[in-house]
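Let me begin by presenting the structure, written as structure tokens, before commenting on it.
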Amino acid sequence: MPDTLQTPAGHVRLGSNSGQPMTRRDGIAKVTGTATYAADNRPDRLAHAVFASAGIARGRVVSLNVEAAKSHPEVIEVITPDNRPALHLDPDGKSHPFSWRIEALQDNTVRYAGQPIALVVAETLEAATEGARLLAPEYDTDPARIGFENGEAYDPPAVGIGGNPSFSKGDFDTGFSNSEHRIGASVDTPAQYHNAMEPHAIVAEWSGDHLTIDTPNQAIHLARGAFAGYFGIPPENVTLRSPFIGGGFGSKAILVGPQILAIMAARMVDRPVKLVLRRDQMFGPVQHRGATRQKLRIGTDGNGLIKALEHEATASTSSFDDFIEGAGNASLNMYASPAIVARHSAVRVDTGTPGPMRAPGEASGSAALEIAIDKAAEAVGMDPLEFRLRNYAETDPASGKPFSAKSLRECYELAAQKFGWSDRPLAPGQMRDENGMLVGWGMGSALFPAPMFAAQARATLRRDGTALVETSGADMGQGAWTALAQIAADGVGLPVDRIEFMSGTTDQPDAGVAGGSGHTASAGGALFEAGSNAVQKLADLATADPESPLFGAGNTGVEAREGRLFRADDESRSESYADILERAGLERIDAMGSGGRDPANTEARAMFSHGAVFAEVKIDPDLFQIRVSRLIGAFAAGRIINPHLAKSQLTGGMIWGIGFALHEEGIHDLRSGRPLNADLAGYHVPVNADAPHVEALLVDEDDPYVNALGIKGVGEIGITGSVGAIANAVWHATGKRISSYPIHIDALLS
Amino acid sequence: MNITFLLNGETVELADADATTTLLDWLREERGLKGTKEGCNEGDCGACTVMVSDENGSRALNACILFLPQLNGKSLRTVEGIAAPDGRLHPVQQAMIDDHGSQCGFCTPGFIVSMATAHRNGARDFDDQLAGNLCRCTGYAPIIRATRSAADQPVPDWITDAPVTATANRFMPDSSDALAKLYEANPDATLVAGATDVGLWVTKGLRDIDPVIFLAGCSDLKQVSIDDETLRFGAMADMNTVRAAIADLHPSYAEMIRRYGSVQVRNAATIGGNIANGSPIGDNPPALIALGATLHLRKGDQRRDLPLEAFFLDYGKQDRRPGEFVEAVSFSRQTDRLKCYKISKRFDQDISAVCGCFNITVADGVVSEARIAFGGMAGIPKRATSVENALIGKPWSDDTVDTARAGFDEDFAPLSDMRASATYRLETARALLSRYFAEDRGVAGSVLEVQP
Ligand SMILES: Cc1cc2nc3c(=O)[nH]c(=O)nc-3n(C[C@H](O)[C@H](O)[C@H](O)COP(=O)(O)OP(=O)(O)OC[C@H]3O[C@@H](n4cnc5c(N)ncnc54)[C@H](O)[C@@H]3O)c2cc1C
Ligand code: FES
Ligand code: FES
């Protein structure tokens, strides 16, 4: 694979910047420690806030020793439901699909362990921490409802954000009962916590009716409006800065209670206030991936063709809000079947409300679906790859629409070849390595939708031959500072080092949401269009100016490159941007652009990124310790703007697959409802030793329909496919099918 | 306490420094050096890694569980002090940019300091050197690549600091004699060795531990002596020092320590602290008990010795009197028959679910001596006496081992917890005995080594 990809034809032509494996433009800031994250801000007169966390999961706070906290030296203010100022919006209301019900000290109810129940503001972090401890809350405790058995079941009106809770096509019952081979699979997935390395943090400062906040945020303008709403000020009065996000993975897209509390406190004490969550506080009010309990049934004919596929998922949510993992919907778009059913139910438990976490719905659903598919292949006696190819969906199984582009076959081929899949024995328990370890090989298919969000950008061509491009992009590690600048540079027809790229605050036009793997496509599209529009304005000037060598070329007859406009039919006639502006007596020329997708294409096509992941595990035959010794994936995700960044995202996602399969699990005490492993010692994220060899390969894909740039996302797909591949490899090593994640060493004991 | 240290080349003198302010809080909140990040505040993530140097060399340490007085007489470099004052990048910084080792970048400062410290020490075991730094974005491979690609470049001169003299303090004794006197007079004081436990009492448990006696200045307690008869470790020997000292004599023990915490934790954690804390899951006690170690305790001028296993009375209760401290631990030179198995859920940076240590001597085909000790199987580190008895005097054979395996059920009634179930723990203990036997017999060679 060359490091530089060829630009596919079929949609807009990008210039020489996109497609380059550029290193990160923010690299120096990051390696020298000068990149500023929210908690690094220390405005003058800063006060520190710490919230007290509920020690029970359900009930009421009946007393708080506010006196003790207040009389602690350096404590400035203690905020409880008794003295909390009113908010303009009800924290228990839902103003739009991206707003969650939050805890803003509205009353003394406790809905989950770790919920904020009071806020202490002090001169120092230590004093605030001690003040919070001195509150010594007493509770009226109701029994906690933890786990699927103990929660309250209900039928959710929607899954994910506005997703369909049920789907049916064809006649499942008949298809299944007429099938030659019938399998069932039950798979549980636990609550998982995002645990970005950067804990949530906010620094809030009021100046009259104007609010300035530094807080990591994946959807800057959306958040601006929401913050403004709670405090009853116009959105323009909120300045939100989020230049660097220390990992988000979904948890920093939606406002959370502690942010509101900090802003409230800043207003009350009339000083800037900083609030940084401790790691243990990351296991309550800032969302998580909800647990699921999934059941699948698959029927096939004698040749291994799927006749019926059913995926039922129960997901847990909080007692007071709804976010349901749409796990069952992972079965709608992957494998061809004449009959498909997906159904969801939900259970309310006493935890914080779940939210989107890297590949919401898809990750959990794929983790179960791929096990079921493997079982179906086993029932037929077929190689798992051959089985998947046999059931390859040429059109979207759910809608019947053609795919905008689908290169899954190429992904299977490339990854299988790199992995050496063809040497795999069919039966489990056949392979040992030179150290006597059990070896198993498994695979999974990866899929993720390609959504887009409304996004805007501005491009300004300046007389000094540079350009300013602006959009409120969010860089949480995916490399927006770099990839977006590359696209923007091509939009304005300049080398990327002549671009000034402004991003990450509300001062720029709305870049939409950095989520759903749609940010590069959405914000990138806007930037490109803004640049093209600015260049167009410049071309209008030049071609209408008799003194320009481009005079009379007509609008469509010029090309922009390296800061010059060229006549399309005569390369020798050209003029620099600077000269055109100079003659026109203009300092600059600017234009807006917006990203989006042709609605006709949305209507007509199904749009997904695809991939295939192959896993090798090695398992100690006596101790059952599991190691993923190799994980190789190939992915097709439209046009790749920067192969380095794309591979980083994909391998990052695959490592999350390892975490999902083997480690990550939030455990709550059944009785008290308190999290038992609310730290990084107990909640295991993968370490280096867990990931000896993880490799992501890119498959060129030309998608002429997905958007003008042909870009799909790479941020989330890596986790899908990987989880199931590992579980299937464990089966292949041991003959034991997995029924719950993470795969415990205990589970392999006979 | 009054302390003196170098911070990125500049002398810092603090008068009346609070004994339990962590370096991380001081750096970020008081000093305004915000490059060093807080990811967990309990030693698990390495985002706060700093480089601390003295006459013994440079070490990476976690600033979040390092109290200011522990810096007395040291030179400290934070991420702000890794590039040259004129802005030239350190080779590891350039390599991290070139190899895309940074995504969201939040873990990056910690990695940079770990990498620069490893680079300065000429360390080549890159995976181990970075095992204490968590990254949620990259998947580590690019970071390891960057570390490797910078390894051959010279250590930049600006990284080296001049030595500093520590400021004298009453509660920072400079010898074990001074400590003995002080502690006897202040038996209620909390001793702080490496602070990898005590640090958490403060940052997580919010405990008030005043008054505090810091042991860091007692250089005689750091001594390791090995002669023909005995190996003796001063209580303040840190885990990396212990690891190096036993690498040739008891390689399996050394390998277990490789997986103990992380570089940062091992650089701080002391063998004395790991024993004195009485933890049922400490990794040293089972190994030391299996080796037949003796614990040396001291109170004032009185010293007493006891077999290490006798020190652990019950969960949370040790045979240590007010004002008495651990001075050293020792064991006899012996032919290496020791195998240590640290079984944990995650391969690196994980507390053991079970830590089993076997030291079985065979003479003329018959088991002459057996010392088997486990962590994680009871409320204290504990010997498997029934198993030992079932082995001693018997032929070293499959049959004997099969029979002896049942002894674990008599020796231990482990609990189920997050790390493992009781069944798994017992099953593992039995499997480990069989594995020890198989390895000893050379069945499948050394093949069935516990990975990695
Ligand atoms: C991230 C992390 C990972 C860890 N991983 C492991 C692991 O894998 N295996 C493992 O076994 N442990 C592990 N630990 C636990 C810890 O490192 C050990 O228990 C450590 O050895 C304690 O030593 P210390 O010098 O840091 O002790 P300190 O924290 O300074 O002290 C511990 C206790 O011992 C007392 N004490 C210290 N020295 C003496 C003395 N000379 N005489 C009497 N009392 C004394 C102190 O007063 C205190 O009560 C880990 C800890 C952390 C934070
Ligand atoms: S902040 Fe995580 S180790 Fe210090
Ligand atoms: S780059 Fe984000 S945590 Fe490492």
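Lysines near A:K537 by alpha-carbon distance under 18 Å, same-chain residues fewer than 8 away left out - which ones? Straight-distance partners of A:K537: none at all. Distance from the alpha carbon centroid of the stretch A:682-750 to that of the stretch A:575-593 works out to 50 angstrom. Translational diffusion coefficient of the stretch A:671-719 (Stokes-Einstein, Kirkwood radius from Cα pairs, 10 °C, 1.306 mPa s): 103 µm²/s.
Listed by chain and number, the aspartates and glutamates placed with their C-alpha closer than 12 angstrom to that of B:K34 are A:D40, B:D25, B:E80; residues fewer than eight positions away on the same chain are left out. Computed from the Kirkwood radius of its Cα pairs, the Stokes-Einstein diffusion coefficient for the stretch B:254-323 at 20 °C and 1.002 mPa s stands at 163 µm²/s.
Neighbours of A:L676 by Cβ distance under 12 Å: Lys/Arg scored +1, Asp/Glu scored -1, total -2. Backbone phi angles across the stretch B:393-398, fed through the Karplus curve with coefficients 6.51, -1.76 and 1.60 (θ = phi - 60°), yield HN-Hα couplings of x, 9, x, 7, 9, 3 Hz in residue order; Gly and Pro are listed as x. Cα-Cα pairs above 27 Å in the stretch B:1-123: how many percent? Tail fraction, whole percent: 13. Across the stretch A:392-489 the C-alpha pair distances fall into 5 Å bins from zero in the proportions 2, 8, 11, 12, 10, 11, 12, 10, 9, 7, 4, 3, 2, 1 percent.
Charged side chains reduced to their Cβ positions (Lys and Arg at +1, Asp and Glu at -1) give chain B a dipole of some 580 debye around its Cα centre.
Each 5 Å bin from 0 upward holds the following percent of the Cα-Cα pairs of the stretch B:346-439: 3, 14, 25, 25, 16, 9, 5, 2, 0. Centroid-to-centroid, using Cα positions, the stretch B:1-77 and the stretch A:323-366 are 46 Å apart. Counting only Cβ charges, +1 for Lys and Arg and -1 for Asp and Glu, the dipole size of chain A around its Cα centre is about 660 debye. Every Cα-Cα pair in the stretch B:86-157 was counted, and those over 17 Å apart are 32% of them.
Quick one: grab the alpha carbon gyration tensor of the stretch A:199-323, order the square roots of its eigenvalues as a ≥ b ≥ c, and give me rounded if a/c is under 1.5, else prolate or oblate depending on whether a/b is larger than b/c. In terms of gyration-tensor shape, prolate. Solvent-accessible area assigned to carbon and sulfur over the stretch A:1-154 amounts to 50 percent, based on a 1.4 Å probe. Could you sort out which of A:K618/A:K736; B:K37/B:K345; A:K418/A:K647; B:K204/B:K345 sit more than 18 Å apart by Cα distance in this structure? Listed pairs above 18 Å: B:K37/B:K345; B:K204/B:K345. Straight-line cross-link partners of B:K382 among the aspartates and glutamates, defined as a Cα under 20 Å from its Cα and at least 8 positions apart when in the same chain: B:D283, B:D305, B:E309, B:D314, B:D319, B:E369, B:D409, B:E410, B:D411, B:D417, B:E427.
Between B and A, buried accessible area from a 1.4 angstrom probe totals roughly 6100 Å², ignoring ligands, DNA and RNA. Scalar couplings 3J(HN,Hα) for the stretch A:250-257, obtained by applying the Karplus form with A = 6.51, B = -1.76, C = 1.60 to θ = phi - 60°, are x, 6, 10, 8, 10, 4, 10, x Hz; x denotes Gly and Pro.
Surface composition of the stretch A:680-724: carbon and sulfur atoms hold 55% of the protein heavy-atom accessible area at a 1.4 Å probe. The alpha-carbon atoms of the protein assembly as shown, seen along their principal axes, cover 102, 77, 63 angstrom, with the largest extent given first.
With Cα atoms defining each centre, the stretch B:103-148 and the stretch A:284-311 are spaced 38 Å apart in the structure.
Looking at the stretch A:170-252 alone, DSSP beta bridges between its own residues are antiparallel in about 55 percent of cases. Among the GluC sites (Glu not before Pro) found in the stretch B:1-90, those both in a DSSP coil and sparsely packed, with 15 or fewer other Cβ atoms within 10 Å of their Cβ, are B:E55. Express the accessible area of the protein assembly as shown per residue in Å², computed with a 1.4 Å probe while the remaining protein chains stay in the model. Result: 34 Å² per residue.
The residues of the stretch A:688-703 occluded by other protein chains by 20 Å² or more of accessible area, set against the chain on its own, are A:N688, A:A689, A:D690; surface from heavy atoms, 1.4 Å probe. Taking 0.890 mPa s as the viscosity and 25 °C as the temperature, the Stokes-Einstein diffusion coefficient of chain B based on its alpha-carbon Kirkwood radius rounds to 106 µm²/s. Each other residue within a Cβ distance under 10 Å of A:I589 adds +1 if Lys or Arg and -1 if Asp or Glu, for a net charge of +1. Electrostatic tally near A:Y741: other residues with Cβ closer than 10 Å to its Cβ, Lys and Arg +1, Asp and Glu -1, net -3. Going by a ≥ b ≥ c, the root eigenvalues of the Cα gyration tensor, does the stretch B:40-99 fall in the rounded group (a/c under 1.5), the prolate group (a/b larger than b/c) or the oblate group? Oblate, since a/c reaches 1.5 and b/c is not below a/b.
Normalised by residue count, the stretch B:295-340 yields a Cα convex hull volume of 95 Å³ per residue.
The values are calculated or read from the model by the stated rules, or taken from the named source; none is laboratory data. Treat the numbers as computed from the prediction; the structure is a model and nothing was measured. Neighbour counts are summed over all protein chains in view; Cβ atoms, including those assigned to glycine, are modelled from backbone coordinates with ideal geometry. Ligands, DNA and RNA are excluded from the accessible area calculation, which covers all protein heavy atoms including side chains. Shrake-Rupley method; radii C 1.70, N 1.55, O 1.52, S 1.80 Å.
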